[in-house]
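Once you've had a glance at the structure underneath, I'll fire off some questions.
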Amino acid sequence: MARPSFFGLLLIAPALTMIGALFLYPLGYSLAAAFTEPGGSLSLMHFQKAYELYSTDILFTLFIVIVSTILVALFSVAIAGILTLGETPWLVGALRQLYRWPLFIPFIVAAQCMRTFLAKNGLMNNALVALGVMEPIQATSFLDWRGIIITFVWKQVPFVTLMLAGAMASIDPATIEAGRNLGASRLRVLIELVLPQVAQTLLVGLVLSFVTMLSVLSVPMMVAGSQPTMLTVDMAFRINSYGDYATANALGVISYMIAGTVAWIYLRHNVKREAQA
Amino acid sequence: MHKHLLAAGFAALMMTSGVSAQTLNVATAGDQNMVDYIKDYLGPMFEKKHPGVKVVAVGTGPGDGGSQKIFEKLDAQKKSGAASDFDVVVIHQKAAGTMVKDELLKKYRDALPTGQLVTRDTATNALGTDVSGYVMPMFHSQTALAYNPDLVKNPPNSYAELREWVKQNPKQFGYNGIKGGMSGVAFVTGWVAAFGGDAAKLEKGPYDPAVKATWDKALADLKEFNKNVVITPGNAGTLDMLNRGEIAMGPVWVDMFYTWKAEGKLPPTMRLKLAAPGMPGQPMYYAIPAKTGQEKLAAEFIALATSPDVQAEGIVKRFNWYPGIDAKNLEGKLDQAAWNALFADITPDALANNGKPFPIGPYFNDILESYEKNVAN
Amino acid sequence: MTGSHSAAIEVSDLQVSYGSQRVLHGVNLSVAPGEFIAILGSSGCGKTTLLRTIAGFQKASGGAIRLFGRDVVNTPPEKRGIAMMFQSYALWPHMTVLGNVGYGLRLRGVPRDEIRSRVASVLKMLNLSGLEERKVTNLSGGQRQRVALGRALAIEPEILLLDEPLSNLDAKVRIQVRSEIKALQKQLGFTAIQVTHDREEAMTMADRIVVMEAGRIAQVGSPEEVFDHPNSPFVASFMGAENTIALDVRPSGAGVEVRAAGGSATTWTGTAPVGGVTAYFRDDVASLDDPNARIEGSIVLPGTITQRTYPGGHYRYVVAIDDRHFTVTDSAYHELDRPVRLRLPLASLHLFPTEMIKGGNHA
């Protein structure tokens, strides 16, 4: 078993070739492009340019993605909590039916919907005015950083909730009942007893969401104006307007580093857990 | 990657070539509407006049990127000594200049019956490159300020007036920056031309890398100006916000503006203004690759496409573009309503005076990058 | 019992349904303070449902539950002030022993130092001293069981519900923990209801036993009452009287004359239903005698020994009488295939009129 056979290699060869050709090669290529100057020698000039032109956008991207991730965490914990601990059958049933819908809507369609929903005279403000919650004069457009965050949260909450609700459903329900039996409210049960048991799943969901949001182009492009904007838009602009792959790749490397930091936090947590177990 | 996709597209294209006795391959940059225009309108018309000829249209993608792909293809074929796959190409100004310099195009216009109908100087000068004889403008598109007359009684006549107006009406003017489409880019290049110094040099060249340093003041002012404006999401975003009354004014593409109006996506009261010293517009060019085997047919195709009838019906009426040939040739071909619709807000005179070309390539890139560095970041 | 305020737990006409299916059909039960009740029944009889409804995890569709006079039927579980111990122990895997046992105190706002000392004394009581900082995932089954008990007891509850708390333990530990729980209950004085399907466990731990059948209480009484005087064939067979035999009872003088098919008639001075009767008896009630013996007050039936096992302390025989087989426990050794007489003392049989057992197969 231990000796790799020729046929074994042959079997995985297509997959390896695919990974190599479609993933590793482009990745290496873009890294190389980011770190070499036109002459071919190593240089950080593209990073310097990326910083000069896009330092605000780097911070903006971090801000958007971090705030969105935090909100996604709050909402998905709340929804999964209601699904797990809720005692109003029709509410739980309705929520269970509804919450998944955004999962099946592509980012670009979500962005398109949000454009009409969040505009100053859009559906949301009109509804609020019609309900008498708000005066027309108070209406403001959410088509800026708030719109991006709202779209991201709307799109990612179902994903994390799906994972989280699944994890919560698989913990021993008696551990929930034991908490309530001792006098814990449902909120305390959720925070102190249920969440710690599914923390791993929550972390995975949030890391995946973080990286997904970091890489979406359509939402910042369509929902908000371009000043400031997210790194994906800058990369697309760098290529479309100047054919400048080098700076775009430098921005890409910065994105890798942001995503890599999150992945590192996740891995470190994992290792710690395994060491404890 | 995109080159391979394109190659696959070309392969499919070549497979269809053998089917008909004669095939005229037309490659066009630009959005899907460009492909549709050739496939659904121009192609069938040409095929009717030339039995046995089949027109095949292929799109290479929007913006300068689409033209760049046509250039790369022709360049590669020239270097390998192969005949060209394309018989007619529809390209942007930037690529047209490069192709003429690299001798990838035929000088055909002087022999074209409609060649004499062209008067605008974009027919001879493409962002600083002399292209006379090599290209025929298909249409001109133009940027201008769209405004809501209910909210703006006296639209600004110049960029300077606009600056004042914005100061007094904060958050009522919106544009899409430079990453959200060309209408915002046009506004910014117009700003630099208005406040940055030698506008003529930007249009004609020659290029001097030191010039961009002289824009610092203009761009600092623009950054200040931006504090009181709304940055909209994209070309369509500006129109959207105008439609919903969230902004009162913003730069738009004239053709898009009219199309939206015709489709009821903008109130009919909306108006246009082409403020001094002007905002840029750009033509799309018809050109014939140097290595085509169908030179005669290609020229006939372009002659049809630039005939007054087609320009009136197809370009002006259908797509709300400005004609590629001189507008006066269209008088009588176009009903008065269509004529008025196109020239009501921006008179032919205003168009002639304030309709500018984009700056030449290097300045254009310098403006965008300076904007990113000094205004956006 | 009357609805006196002295009852620790008073359940009256309690009904519970899962959807359209009714699982408790009007249960009445009154538990005195300090009493230890065992609810006994086979799986699906509703005993766990009754416990969970008292705890508040299952909504009642009718009836009342009063704790020391307070009706809690619509009170959420966290406000009922009942402690419960779960079959799976339900310890929180992310917490230490201290965290688990002290959680109820933490909820009650007890200061940290006091939690520590009170948890320490609970652990001492349960022989778990020094395990405070241990993760509960690193404990043995018996230790986990004690931590679960400690968690329930740490809040010093007046009422403790136990849902099959010993079923996951191996036999030896189970017997030990059984007496520990009983001793703690005596010492601390809380009222306890324990659900179990283990008859011996119920007998040894409870002051009173509640036998449930199909969503109803079949019998309530002290272990002796339920064991010696089952009030129905179901209770009789559930308490171990699994042999049955049809008898014919006729009045005779001061007593009755009892006859079994194939056996001689016996007169008896005890009371018994007259007519066709089915007798239920445990295998230790019967004994094997000389074929010719004839004893007053006992049914004696001729049969043959077909099987013999020695489970320890006594022999267990299978005796064939005609085409029927009975298990009998007897301390004496008998040869196989030997004709014997099966002796059934009438006073130890549970006699029920045969028509009471309609089509039921309680054997």
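The values are calculated or read from the model by the stated rules, or taken from the named source; none is laboratory data. Computed from a predicted model, the values in this text were never measured in an experiment. Please note: Cβ atoms are built from the backbone with ideal geometry, for glycine as well, and neighbour counts cover all protein chains shown. Ligands, DNA and RNA are excluded from the accessible area calculation, which covers all protein heavy atoms including side chains. Shrake-Rupley method; radii C 1.70, N 1.55, O 1.52, S 1.80 Å.
Can you pull out the residues in segment A:78-102 that are in contact (Cβ under 8 Å) with a residue 12 or more places away in the chain and of a type in the set (S, T, N, Q)?
A:THR84
Scan segment B:188-200 and tell me whether some residue there is more than 13 Å from every other protein chain (Cβ to nearest Cβ), in contact with a strand residue (DSSP E or B) (Cβ under 8 Å, 6 or more places away or on another chain), within 18 Å of B:ALA218 (Cα to Cα) and not in a helix (DSSP H, G or I).
no
Moving on. Going through B:TYR363, B:TYR322 one at a time, which residue ends up being closer than 30 Å to B:PHE195 by Cβ, assigned by TED's automatic domain parsing to the domain that holds B:ALA27 and in contact with a Phe, Trp or Tyr (Cβ under 8 Å, 6 or more places away or on another chain)?
Checking each option against the conditions leaves just B:TYR322.
Condition test on C:ALA183, is it more than 23 Å from C:SER88 (Cβ to Cβ), among the hydrophobic types (A, V, I, L, M, F, W, C) and out of contact with any Ser or Thr (no Cβ under 7 Å at 6 or more places or on another chain)?
yes
Does at least one position in segment A:252-267 carry a residue that is touching a residue at least 60 places away in the same chain (Cβ under 8 Å), out of contact with any Leu (no Cβ under 7 Å at 6 or more places or on another chain) and either at negative phi or surrounded by 15 or more Cβ atoms within 10 Å (Cβ to Cβ) (or both)?
yes
Follow-up question, since we're still on this one. Do we have B:GLY180 as among the small types (Gly, Ala, Ser) and within 30 Å of B:MET241 (Cα to Cα) here?
yes
Let's see how each residue does on (1) closer than 25 Å to B:ALA199 by Cβ; (2) open to solvent by 10 Å² or more (accessible area, probe 1.4 Å); (3) assigned by TED's automatic domain parsing to the domain that holds B:VAL35; (4) not in a helix (DSSP H, G or I):
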| position | (1), (2), (3), (4) |
| --- | --- |
| B:LEU242 | no, no, no, no |
| B:LEU304 | no, yes, yes, no |
| B:VAL310 | no, no, yes, no |
| B:LYS328 | no, yes, yes, no |
| B:ASN340 | no, yes, yes, no |
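Here is a further query. Pick from segment B:206-240 the residues that are outside any helix (DSSP H, G or I) and touching a Phe, Trp or Tyr at 6+ places or on another chain (Cβ under 8 Å): which of them is nearest to the other protein chains (Cβ to nearest Cβ)?
Step by step, filter segment B:206-240, then rank; the result is B:ILE231.
For segment B:72-84, does any single residue satisfy the condition of being within 23 Å of B:MET182 (Cβ to Cβ) and either outside the structural domain of B:GLU313 (by TED's automatic domain parsing) or within 21 Å of the chain's Cα centre (by Cα) (or both)?
yes
Right, something else. So, in segment C:261-272, exactly how many residues are surrounded by 14 or more Cβ atoms within 10 Å (Cβ to Cβ) and touching a residue at least 60 places away in the same chain (Cβ under 8 Å)?
Number of matching residues: 3.
Step by step: first the residues of segment A:179-192, then only those that are in a helix (DSSP H, G or I) and surrounded by 24 or more Cβ atoms within 10 Å (Cβ to Cβ), then the one that is farthest from the other protein chains (Cβ to nearest Cβ). Which residue is that?
Per the stated criteria, the residue is A:GLY179.
Whether any residue in segment C:27-45 is over 24 Å from the mean Cα position of the chain (by Cα) and hydroxyl-bearing (Ser, Thr, Tyr) is what I want to check.
No, the conditions are met nowhere in segment C:27-45.
Given the conditions (1) outside any loop (DSSP other than H, G, I, E, B); (2) open to solvent by 60 Å² or more (accessible area, probe 1.4 Å); (3) touching a residue at least 40 places away in the same chain (Cβ under 8 Å), which single one is not true for C:ASP284?
Result: C:ASP284 passes all but (1).
Test of understanding: among A:ILE150, A:ILE176, which residue is within 14 Å of chain B (Cβ to nearest Cβ), hydrophobic (A, V, I, L, M, F, W, C) and touching a residue at least 12 places away in the same chain (Cβ under 8 Å)?
A:ILE150
Of all residues in segment C:58-93, how many are facing another protein chain (nearest Cβ under 9 Å), surrounded by fewer than 17 Cβ atoms within 10 Å (Cβ to Cβ) and part of a loop (DSSP other than H, G, I, E, B)?
The total comes to 5.
Only residues that are more than 19 Å from A:ARG146 (Cβ to Cβ) and either within 7 Å of chain B (Cβ to nearest Cβ) or among the acidic types (Asp, Glu) (or both): list them for segment A:210-237, please.
Within segment A:210-237, A:ASP234, A:PHE237 meet the criteria.
Can I ask one more? How about segment C:302-332: which of its residues are closer than 15 Å to C:LEU344 by Cα and without any contact (Cβ under 8 Å) to a residue 40 or more places away in the chain?
Result: C:GLY303, C:TYR317, C:VAL318, C:VAL319, C:ALA320, C:HIS325.
If you don't mind, there's one more thing I want to ask. Under the condition of being surrounded by 19 or more Cβ atoms within 10 Å (Cβ to Cβ) and among the hydroxyl-bearing types (Ser, Thr, Tyr), which residue from segment A:240-251 is nearest to B:GLY66 (Cα to Cα)?
Looking at the filtered set, the residue picked out is A:SER241.
Taking segment C:300-322, which residues are assigned to a loop (DSSP other than H, G, I, E, B) and either more than 22 Å from C:THR266 (Cβ to Cβ) or at pLDDT 90 or above (or both)?
Passing the criteria: C:TYR310, C:PRO311, C:GLY312, C:GLY313, C:HIS314.
Now, a different point. Go through (1) in a loop (DSSP other than H, G, I, E, B); (2) at pLDDT 90 or above one by one and return the number of the condition A:GLY225 breaks.
Looking at each condition in turn, A:GLY225 falls short on (2).
Next up: Can you tell me which residues in segment A:56-96 are of a type outside the set (Val, Ile, Thr) and over 21 Å from the mean Cα position of the chain (by Cα)?
Across segment A:56-96, the qualifying residues are A:LEU83, A:LEU85, A:GLY86, A:GLU87, A:PRO89, A:TRP90, A:LEU91, A:GLY93, A:ALA94, A:LEU95, A:ARG96.
Next up: So, in segment C:161-179, exactly how many residues are buried (at least 16 other Cβ atoms within 10 Å of the Cβ) and charged (D, E, K, R)?
Of the residues in that region, 4 qualify.
Something else now. What strands (runs of 3 or more DSSP E) completely inside segment C:180-258 contain at least 2 residues that are modelled with pLDDT under 90, assigned by the TED database to the domain that holds C:THR271 and open to solvent by 10 Å² or more (accessible area, probe 1.4 Å)?
Because the criterion is at least 2 residues that are modelled with pLDDT under 90, assigned by the TED database to the domain that holds C:THR271 and open to solvent by 10 Å² or more (accessible area, probe 1.4 Å), the strands (runs of 3 or more DSSP E) in segment C:180-258 that meet it are C:243-252.
Does any residue of segment C:154-173 turn out to be assigned to a helix (DSSP H, G or I) and touching a residue at least 40 places away in the same chain (Cβ under 8 Å)?
yes
Considering each residue of segment A:97-131, count those that are in a loop (DSSP other than H, G, I, E, B), within 24 Å of the chain's Cα centre (by Cα) and not aliphatic (A, V, I, L, M), and give that number.
Residues in segment A:97-131 being in a loop (DSSP other than H, G, I, E, B), within 24 Å of the chain's Cα centre (by Cα) and not aliphatic (A, V, I, L, M): 3 in total.
Could you check segment A:36-51 and list, in sequence order, the residues that are free of Cβ contacts under 8 Å to residues at least 12 places away in the same chain and of a type in the set (Gly, Ala, Ser)?
Answer for segment A:36-51, where residues must be free of Cβ contacts under 8 Å to residues at least 12 places away in the same chain and of a type in the set (Gly, Ala, Ser): A:GLY39, A:GLY40, A:SER41, A:SER43.
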